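Asks: Here you go, one structure.
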Amino acid sequence: MLATLGEAKMKVIGKKQTMRALETQQVSACFLARDAEKHVTQPIRHLCEKRHVKVFEVPTMKELGVACGIDVGAAVAAILMEEHTA
């Protein structure tokens, strides 16, 4: 599933952007790093459950960052729905 994240045309990385996208119901899948701090991931997980968004766990922040195409670790990332592309 991480390959899907890397290939996604529209994605967001980080807690703030993911929360914003979840609140506006734009997220089709969410990715959380298992080694990220719980105060970062728990609110995202809770909102995903509320919005019925599938959550995928990634072993490390480093792996999630690589999958997103960035040089630093990422605690949270999400793929946006196609109809919300610009």
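Asks: Name the single residue, out of those in region 5-50 being in contact with a strand residue (DSSP E or B) (Cβ under 7 Å, 6 or more places away or on another chain) and farther than 14 Å from residue 76 by Cβ, that is surrounded by the most Cβ atoms within 10 Å (Cβ to Cβ).
Replies: My answer is 26.
Asks: Do we have residue 56 as open to solvent by 20 Å² or more (accessible area, probe 1.4 Å) and in contact with a Phe, Trp or Tyr (Cβ under 6 Å, 6 or more places away or on another chain) here?
Replies: yes
Asks: The conditions are (1) without any contact (Cβ under 8 Å) to a residue 60 or more places away in the chain; (2) open to solvent by 20 Å² or more (accessible area, probe 1.4 Å), and residue 63 fails exactly one of them. Which is it?
Replies: (1)
Asks: Tell me whether region 28-35 contains one or more residues that are touching a Leu at 6+ places or on another chain (Cβ under 9 Å) and either of a type in the set (Val, Ile, Thr) or touching a residue at least 60 places away in the same chain (Cβ under 8 Å) (or both).
Replies: No, the conditions are met nowhere in region 28-35.
The values are calculated or read from the model by the stated rules, or taken from the named source; none is laboratory data. Just so we're clear, the structure is a prediction, and the values are computed from it rather than from any experiment. Quick reminder, even Gly has a Cβ in these numbers, built from the backbone with ideal geometry, and neighbours come from all protein chains shown. The protein model used for the area step is the full one, side chains on, heavy atoms only, and it has no ligands, DNA or RNA in it. Shrake-Rupley method; radii C 1.70, N 1.55, O 1.52, S 1.80 Å.
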